[in-house]
1. Among the residues of the range 200-245, count how many are touching a strand residue (DSSP E or B) at 6+ places or on another chain (Cβ under 8 Å), over 20 Å from residue 46 (Cα atoms), crowded, with 17+ Cβ neighbours inside 10 Å and at pLDDT 95 or above.
2. Quick check, is residue 80 under 24 Å from residue 183 (Cβ atoms) and touching a residue at least 40 places away in the same chain (Cβ under 8 Å)?
3. Going by the structure shown, is residue 215 of a type outside the set (Ser, Thr, Tyr) and under 15 Å from residue 19 (Cβ atoms)?
4. Please go through the range 88-138 and give me each residue that is at pLDDT 90 or above and of a type in the set (S, T, N, Q), ordered by number.
5. Please verify whether residue 145 is open to solvent by less than 20 Å² (accessible area, probe 1.4 Å) and touching a strand residue (DSSP E or B) at 6+ places or on another chain (Cβ under 7 Å), treating the condition exactly as stated.
6. For the range 117-142, name all the residues that are of a type outside the set (A, V, I, L, M) and either open to solvent by 30 Å² or more (accessible area, probe 1.4 Å) or within 12 Å of ligand 1 (Cβ to nearest atom) (or both).
7. Just one of the numbered conditions (1) in contact with a strand residue (DSSP E or B) (Cβ under 8 Å, 6 or more places away or on another chain); (2) within 16 Å of ligand 2 (Cβ to nearest atom) is not true of residue 131; which one?
8. So for the range 173-196 (the condition being open to solvent by less than 10 Å² (accessible area, probe 1.4 Å), under 30 Å from residue 239 (Cα atoms) and modelled with pLDDT under 95), does at least one residue qualify?
Amino acid sequence: MSQVIAITNQKGGVGKTTTSVNLAAALAANGHPTLLIDMDPQANAASGLGIQPAPGSSLYPVMIGEKNIHDQIQQTNYENLYHIPAEVDMAGCEIEIAREPDPIRKLQQILEPLRNQQELEYIFLDCPPSVGILMTNSLAAADGLIIPVQCEFYALEGISKILDLIQKMKDQGINPDLRIIGVLMTMFDSRTRLSQQVVQELQEHLPDQTFNTIIPRSIRVSEAPSFGQPISDYDPKGVGAAAYRELAREFLERV
Ligand code: ATP
Ligand code: MG
């Protein structure tokens, strides 16, 4: 049985894609077969994995019933690491899927055959930064969530919004067992008092839910995608790679 993990936050630019790519790569390198599905029409994840998506290679044709999910899974350059890229067409799901009888469970149904396969341990969903059909489908399909939060002033406000949404999904019976694997603090800058305040506040508010691992701000992390490499490959000895390796270890403890 594979576990479906959504990397989500309705706030933009908090490190969802960076975390999806680098955590998936760290798990794969540790021998855990992982598939990363890009749910965001911005389609940023592929470049971080060194993949140039061809037209029609996303989940979109599967979502509208024209293709089988197995045909869309691509092997990356890395052992145990698989990808289904996104493309701008994905945005069409908002209209196409909305007309169907049970629109919010579409992704859940599509992933069902993959869940029961032995070949994959984890299926990651890199979510878009807006509360639309692609994000709510991801929350409905997920077993667990990772919520990246940028260490900046509005961090707490953003997190209360996503926590409300998760509670709503549970209350409405859409995904009653959905659990938060961890809130992940990203882009931590040890030189600023603000970064330290945000860490302190989050740890006080959500003591059980925050990962102990904190991802530091690192130029190497931000430039790795332009070389088509996860940080574990681009700068294996740096602080960013070390942080994502540590996160992988903590993730495995929590799931
Ligand atoms: P979106 O909401 O648009 O999908 P996102 O939440 O997926 O954004 P990312 O794309 O991962 O966020 O990151 C936003 C920006 O911050 C990117 O330019 C990325 O390179 C940079 N970034 C992410 N993590 C770090 C880090 N640890 N150190 C430095 N820069 C980072
Ligand atoms: Mg993103």
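The values are calculated or read from the model by the stated rules, or taken from the named source; none is laboratory data. Note that the structure is a prediction, hence the values are computed from the model and not measured. We place every Cβ from the backbone using ideal geometry, glycine too, and count neighbours over all the protein chains shown. Keep in mind that these areas ignore ligands, DNA and RNA; they rest on the heavy atoms of the full protein, side chains included. Shrake-Rupley method; radii C 1.70, N 1.55, O 1.52, S 1.80 Å.
1. 9
2. In short, no.
3. yes
4. Answer for the range 88-138, where residues must be at pLDDT 90 or above and of a type in the set (S, T, N, Q): 108, 109, 130, 136, 137, 138.
5. Spelling it out, residue 145 is indeed open to solvent by less than 20 Å² (accessible area, probe 1.4 Å) and touching a strand residue (DSSP E or B) at 6+ places or on another chain (Cβ under 7 Å).
6. Result: 117, 118, 119, 121, 126, 127, 128, 129, 130.
7. Among (1) in contact with a strand residue (DSSP E or B) (Cβ under 8 Å, 6 or more places away or on another chain); (2) within 16 Å of ligand 2 (Cβ to nearest atom), the lone unmet condition for residue 131 is (1).
8. yes
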